[in-house]
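*Asks:* Okay, handing you the structure first.
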Amino acid sequence: MGTCMTRDEIFAKVRTVLVDALAVDEDEVTPSAVLTRDLGAESIDFLDVVFRLEQAFGFKIAQGELFPDNVQQDSRYVKDGRVTPQGIAALKERLPHADFAVLERDPQVAKVGEIFTVDSVVRFVERKLGK
């Protein structure tokens, strides 16, 4: 795709994907909306979102590239239900588009899903298209 999309165009497409995948209203899909907490996404929905993004933007998304893969199963990254500093560092490296503020304040494993806002998905797409 040689065409340069503006951030607004990317956001509009991402919003359509999320509206379709999560059955939410367009006005709920704001840049700061958290996919899990605000839009009701569950793990199975993430697969659908990835598939729909691939269709919408015409690129492949590797497993674990947009959303983390098996972080919870790694004892170096998670201890006693909390993400370790090493885990947060590893996530940041793998997922530079995500928003880690919430996890840095409260590193509960349950909060890992909250690092994905609509804006983080837009940033991910921007990076992919920019490559």
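Since every read-out is calculated from the coordinates, none of them should be taken as a lab result. Just so it is clear, the model here is predicted, and its values are computed rather than measured. Note that each Cβ is placed from the backbone with ideal geometry, even for glycine, and that neighbours are counted across all protein chains shown.
*Asks:* Which of the lysines could a cross-linker span from K111 if the Cα-Cα distance has to be under 27 Å and same-chain partners fewer than 8 positions apart are dropped?
*Replies:* Leaving aside lysines fewer than 8 places away in the same chain, those within reach of K111 are K13, K60, K79, K92, K128.
*Asks:* What is the spin-label model distance, in nm, from E93 to A62 if the labels are put 7 Å beyond Cα along the C-beta direction?
*Replies:* 1.4
*Asks:* Something else: Could you tell me how far the Cα centroid of region 92-108 sits from the Cα centroid of region 1-30, in Å?
*Replies:* 22
*Asks:* Placing +1 at every Lys and Arg Cβ and -1 at every Asp and Glu Cβ, with all other atoms neutral, what dipole size does region 20-117 have around its Cα centre, in debye to the nearest 20?
*Replies:* Details: 10 positive and 19 negative charges, 130 e Å.
So the magnitude is around 620 debye.
*Asks:* Under the rule of -39500 (n - 2.57) per DSSP H run of 4 or more residues, summed and divided by the residues of the chain, what mean residue ellipticity at 222 nm is obtained, to the nearest 500 deg cm²/dmol?
*Replies:* Details: 5 runs with 59 residues, N = 131.
Rounded to the nearest 500, the figure is -14000 deg cm²/dmol.
*Asks:* Next question. Roughly what would the spin-label model give for I44 and D8, points 7 Å off Cα along C-beta, in nm?
*Replies:* The two pseudo-label positions are separated by 3.8 nm.
*Asks:* If packing is taken as the average count of other Cβ atoms within 10 Å, what order do 79-85, 107-113 fall into, highest mean first? Before the final figure, lay out each step's value.
*Replies:* Numbers: 79-85: 14.3, 107-113: 17.4.
Descending mean neighbour count gives 107-113, 79-85.
*Asks:* For the chain, what does the relative contact order come out to in percent, with C-alpha contacts under 8 Å and a separation of six or more? Can you show the working numbers first?
*Replies:* Values: 139 pairs, mean separation 39.4, N = 131.
It rounds to 30 percent for the chain.
*Asks:* Could I ask something else about it? When the chain is fully extended, how far beyond the present Cα-Cα distance does Q86 get from Q108, taking 0.36 nm per residue of separation? Don't skip to the answer; put the middle values down first.
*Replies:* Values: separation 22, 0.36 × 22 = 7.92 nm, distance 1.37 nm.
Additional length available on full extension: 6.5 nm.
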